[in-house]
Every structure is written in C-alpha cells, then in structure tokens.
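A.B. asks: Here you go, one structure.
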Amino acid sequence: MFNQHELARMLLERNADANIVSSIGTTALMTAAANGYSALTTMLLEKGGAEIDFAQPATGGTAYHQACEQGCADCVEALVRGGCDIYFRVRRMIIAGIWVAFFQECQQ
C-alpha cells in the first residue's frame, strides 16, 4: 500500500498534472496544505509545478489560506518559501492569510 507522498511522487514522475482542479474547485496543493501534509506540499511545488496562488473559484482562497486556517505552520512555511502571495485577498475580504493564522492562534 502506498502513502500519499509515495503515490504523488510516482504520479509526478509519470508527468501527472499537479494543477488539475477537482469538482469542488480545489487542487492537490490545496488539499495537501489543508490537511497538513508539508512534505507533499513541498513536493508538489518543487517537482510538480503546482500553481502556488491558484484561487478556489467559490471562495477565492488559496493553499496558503487553507494552511493558515488549519494552523499548519510547516505547510505555511513551505508555501511562503515557494513564493506564494501572502497578501492575496480572499474574495471580497481585505484580510491577508497571515491574519487568519493569527486569529486562529488567539482563539485557542
């Protein structure tokens, strides 16, 4: 049985498209970041050519916003090192992703 990281590596080695959008408007990068898979997040950026600032059509959120909302510091760091736009505005909101993480931390 393969884990997500091994399976993604094998698919990327066979030229799988890391930027395919699911029926709910998310990408593999968004899913990895939202679920705290920092190694997979890094691999999708470095080897898969994942579009780092792709915004989900329904919300305008990016992988960075999702990682912030879930409190995954390792994923946030991977995305920032990968060059994501930390000031990317979520649909009609002025709050940058870093503030989402800050507010999440304050509520705990």
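None of the figures in this text is laboratory data; all of them are computed from the coordinates on show. Computed from a predicted structure; not experimentally measured. Cβ placement follows ideal geometry from the backbone for every residue including glycine, while neighbour counts extend to all protein chains displayed.
A.B. asks: In the stretch 1-74, with Lys and Arg counted as +1 and Asp and Glu as -1 at Cβ, which of these residues, Gln56, Gly71, Ser22, has the Cα nearest the positive end of the dipole, that is, farthest along it?
C.D. replies: It is Ser22.
A.B. asks: While we're on this one: Taking the Cβ of Gly36 as the centre, find all other residues whose Cβ is under 14 Å away and add up their charges (Lys, Arg: +1; Asp, Glu: -1).
C.D. replies: Taking every other residue near Gly36 into account, the sum is -3.
A.B. asks: Continuing with this model, one more query. With a/c under 1.5 counting as rounded, go ahead and sort the stretch 1-43 into rounded, prolate or oblate using the C-alpha gyration tensor (a ≥ b ≥ c being the square roots of the eigenvalues; past the cut-off, prolate if a/b is larger than b/c, else oblate). All intermediate terms of the calculation are to be shown ahead of the outcome.
C.D. replies: Numbers: a/c = 1.83, a/b = 1.18, b/c = 1.55.
Oblate shape, in that a/c is at least 1.5 and b/c is the bigger or equal ratio.
A.B. asks: Right, something else. Quick check: Cα centre of the stretch 1-45 to Cα centre of the stretch 65-88, how many Å?
C.D. replies: A separation of 15 Å, based on Cα centres.
A.B. asks: On full extension of the chain, what length is gained from Ser23 through Leu7, given 0.36 nm per residue of separation minus the C-alpha to C-alpha distance?
C.D. replies: Going from the current span to full extension adds 3.7 nm.
A.B. asks: Would you please put 7-14, 55-62, 75-82 in order of how densely packed they are, using the mean number of other Cβ atoms within 10 angstrom per residue and starting with the highest?
C.D. replies: 75-82, 55-62, 7-14
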